[in-house]
Amino acid sequence: MFEGFTSVEIDTGAARLFARRAGSGPSILLLHGFPETHLMWRDIAPHLAATHTVVCADLRGYGQSGCPESTPDHAAYSKRALAADMLALMDRLGYSRFSVIGHDRGGRVAQRLALDAPDKVDALAVLDIIPVSEAWDRADDRLALGFWPWALLAQPSPLPETILTRCGDVIVADAAANWGSANAIPKDVQQEYAAMLRDAAHAHAICEEYRAAASIDRDHDRLDQEAGRKITCPTLALWSAAGALATWYESEGGPLAIWRRWSAAVKGQPVDGGHFFPEERPKETAEALSMFLRKPKG
């Protein structure tokens with residue numbers, strides 16, 4: 001995996017971050033979701049690296065990145081803190097401007113990057129998400145049962161950490177089968193994801209990120225909406241044609257209608273496959289992203 005990519009490890013002072021990079025041309029930052037790591041981009045990154053400089057990073061608390069100490073308000077694992085990590089990483093690697101593509105949790109970090117550092121982000125792509133506050137505001141039995149980590153991992157320590165460390169293999173296998181398809185994530189990659197969950201430090205960090213999503217992240221989103229702040233760069237929203245976003249918000253005009261509350265210029269469409277469509281359908285996903293990135297910006 002990642003043939004031709006070099007590994008880098010950067011200590012920003014706030015966190016130790018791991019990433020892989022390759023290619024040349026305009027720079028792109030790729031951010032993963034749960035329960036994944038940067039490995040989710042293994043088939044997409046080489047395609048994009050043919051025309052761009054590609055950086056695949058592990059978020060704070062995930063993969064091979066560090067797990068800084070948290071705080072009672074969970075601010076250390078807010079999307080704002082994770083976005084600041086990525087801004088520091090790209091700066092240290094020499095990229096003053098870049099596009100950012102995020103799936104699942106990484107999509108919300110990408111959203112926060114575009115809002116907090118509009119002078120740095122050329123284009124934004126968000127994969128199979130709506131903003132965290134929008135999801136919580138519409139939460140019902142479907143979210144509680146279909147995407148149980150939202151409520152379970154946000155519970156006080158140590159209950160969710162104990163579940164992650166003791167049941168990592170089952171959690172990853174269940175997510176792969178029920179959010180995507182049985183073949184979406186190969187077994188060897190599932191094992192990598194499960195090993196991360198079994199590590200106590202990473203399990204705690206991941207739960208802190210979910211606790212932040214249920215609290216401080218919502219506050220940050222609410223303040224943005226009250227101030228009328230919007231994402232100013234071109235935005236692409238892709239979502240699973242077989243997943244929740246394709247049906248849950250139909251009465252509101254679907255995910256694009258929700259993203260128009262946040263972005264001044266958003267387009268998008270569904271992609272075949274389940275929630276893990278970047279891993280399940282990497283060719284189709286890469287082509288959609290390449291077409292978006294090739295279009296003139298502005």
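For the range 38-60, taking the residues that are open to solvent by less than 10 Å² (accessible area, probe 1.4 Å) and assigned to a loop (DSSP other than H, G, I, E, B), the one that is farthest from Phe2 (Cα to Cα) is identified as Leu59. Among the residues of the range 18-28, the ones that are under 26 Å from His275 (Cα atoms) and open to solvent by less than 40 Å² (accessible area, probe 1.4 Å) come to 4 in all.
Can you spot a residue in the range 272-289 that is among the aliphatic types (A, V, I, L, M) and in contact with a Ser or Thr (Cβ under 8 Å, 6 or more places away or on another chain)? I'd like the intermediate steps shown before the answer.
Of the range 272-289, the ones among the aliphatic types (A, V, I, L, M) are 286, 288-289.
Subset that is in contact with a Ser or Thr (Cβ under 8 Å, 6 or more places away or on another chain): none.
No; the residues of the range 272-289 include none that is among the aliphatic types (A, V, I, L, M) and in contact with a Ser or Thr (Cβ under 8 Å, 6 or more places away or on another chain).
So that you can scan it fast, the table gives a plain yes or no per residue for (1) outside any loop (DSSP other than H, G, I, E, B); (2) under 16 Å from the mean Cα position of the chain (by Cα); (3) surrounded by 24 or more Cβ atoms within 10 Å (Cβ to Cβ):
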site: Ala14; (1), (2), (3): no, no, no
site: Leu30; (1), (2), (3): yes, yes, yes
site: Tyr62; (1), (2), (3): no, yes, yes
site: Ala76; (1), (2), (3): yes, no, no
site: Met86; (1), (2), (3): yes, yes, yes
site: Tyr95; (1), (2), (3): no, no, no
site: Gly102; (1), (2), (3): yes, yes, yes
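Across the range 234-257, the number of residues qualifying as of a type outside the set (Ser, Thr, Tyr) and either over 26 Å from Phe98 (Cα atoms) or surrounded by fewer than 20 Cβ atoms within 10 Å (Cβ to Cβ) (or both) comes to 13. Scanning the range 1-29 for residues that are among the polar types (S, T, N, Q) and either in contact (Cβ under 8 Å) with a residue 60 or more places away in the chain or farther than 24 Å from Arg294 by Cα (or both) yields Thr6, Ser7, Thr12, Ser27.
Within the range 130-152, none of the residues are under 26 Å from Glu192 (Cβ atoms) and among the acidic types (Asp, Glu). Of all residues in the range 268-298, those that are surrounded by 14 or more Cβ atoms within 10 Å (Cβ to Cβ), in contact with a strand residue (DSSP E or B) (Cβ under 7 Å, 6 or more places away or on another chain) and not hydroxyl-bearing (Ser, Thr, Tyr) total 14.
The values are calculated or read from the model by the stated rules, or taken from the named source; none is laboratory data. Owing to the predicted nature of the structure, the values given are computational and were not obtained by experimental measurement. Using ideal geometry, Cβ is built from the backbone for each residue, glycine included, and neighbour counts are taken over all protein chains shown. Protein only, heavy atoms only, side chains kept; ligands, DNA and RNA dropped before computing areas. Shrake-Rupley method; radii C 1.70, N 1.55, O 1.52, S 1.80 Å.
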